[in-house]
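A.B. asks: I am attaching a structure below and will ask some questions about it afterwards.
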């Protein structure tokens, strides 16, 4: 047959095309996966160790552990992430990036750059938007509610002007 005598072997061409396709497609598979979340060092205050497990990308949460008994005292969701079911889930995860103490406040920063202040006495969570340093863009969350809602700037402005609470 003529195909057998042709200098280009079909098996060789097929092998070459498959190799090229693999070289082009494999790097894109690696890019779709996210890197491992940061390991957050625990912080301690008044006999309580606060940790950020960073084991659930759908929510950023902290745990309070009694140092003497090594028992968990409470767990608090600091922020949640909306996951779009049409996109790959793991690339949408957001974890806690850092955690520190200031007085009786735990300062938690997410990978997306949002900063949350957790009052360790009341477990109230306040989100501060560092990109927009306007105090009217601050929202407060009480106890174990997972969603943080930002206050409308005009409502906050009216409340400040007229002495009413927003």
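The values are calculated or read from the model by the stated rules, or taken from the named source; none is laboratory data. Computed from a predicted structure; not experimentally measured. Quick reminder, even Gly has a Cβ in these numbers, built from the backbone with ideal geometry, and neighbours come from all protein chains shown.
A.B. asks: Take residue 47 and decide whether it is over 19 Å from residue 115 (Cα atoms) and modelled with pLDDT of 95 or more. Give the steps one after another, and end with the answer.
C.D. replies: Details: over 19 Å from residue 115 (Cα atoms): yes; modelled with pLDDT of 95 or more: yes.
Considered against the rule, which asks whether it is over 19 Å from residue 115 (Cα atoms) and modelled with pLDDT of 95 or more, residue 47 comes out as yes.
A.B. asks: Might you check whether a residue that is farther than 17 Å from residue 128 by Cα, modelled with pLDDT under 95 and either outside any strand (DSSP E or B) or not assigned by TED's automatic domain parsing to the domain that holds residue 128 (or both) occurs anywhere in region 64-74?
C.D. replies: Checking region 64-74: not a single residue is farther than 17 Å from residue 128 by Cα, modelled with pLDDT under 95 and either outside any strand (DSSP E or B) or not assigned by TED's automatic domain parsing to the domain that holds residue 128 (or both).
A.B. asks: From the residues in region 56-73 that are over 18 Å from residue 116 (Cα atoms) and in contact (Cβ under 8 Å) with a residue 12 or more places away in the chain, which one is surrounded by the fewest Cβ atoms within 10 Å (Cβ to Cβ)? Steps first, please.
C.D. replies: Applying the first criterion (over 18 Å from residue 116 (Cα atoms)) to region 56-73 yields 65-73.
Filter once more, so that each one left must be in contact (Cβ under 8 Å) with a residue 12 or more places away in the chain: 65-68, 73.
Working: 65: 19, 66: 12, 67: 12, 68: 8, 73: 12.
Checked region 56-73; the qualifying residue surrounded by the fewest Cβ atoms within 10 Å (Cβ to Cβ) is 68.
A.B. asks: Would you confirm whether or not region 82-96 contains a residue that is touching a residue at least 40 places away in the same chain (Cβ under 8 Å) and either touching a helix residue (DSSP H, G or I) at 6+ places or on another chain (Cβ under 8 Å) or in a strand (DSSP E or B) (or both)?
C.D. replies: In the first step, residues of region 82-96 are kept if they are touching a residue at least 40 places away in the same chain (Cβ under 8 Å); the result is 88, 90-91, 93, 95-96.
So of that shortlist, the ones also either touching a helix residue (DSSP H, G or I) at 6+ places or on another chain (Cβ under 8 Å) or in a strand (DSSP E or B) (or both) come out as 96.
Scanning region 82-96 turns up at least one residue that is touching a residue at least 40 places away in the same chain (Cβ under 8 Å) and either touching a helix residue (DSSP H, G or I) at 6+ places or on another chain (Cβ under 8 Å) or in a strand (DSSP E or B) (or both).
A.B. asks: Also, quick follow-up: Scan region 98-114 for residues that are surrounded by 15 or more Cβ atoms within 10 Å (Cβ to Cβ) and within 26 Å of residue 47 (Cβ to Cβ) and jot them down.
C.D. replies: In the first step, residues of region 98-114 are kept if they are surrounded by 15 or more Cβ atoms within 10 Å (Cβ to Cβ); the result is 99, 105-111, 114.
Once the filter is applied, which keeps residues that are surrounded by 15 or more Cβ atoms within 10 Å (Cβ to Cβ) and within 26 Å of residue 47 (Cβ to Cβ), region 98-114 yields 99, 105, 106, 107, 108, 109.
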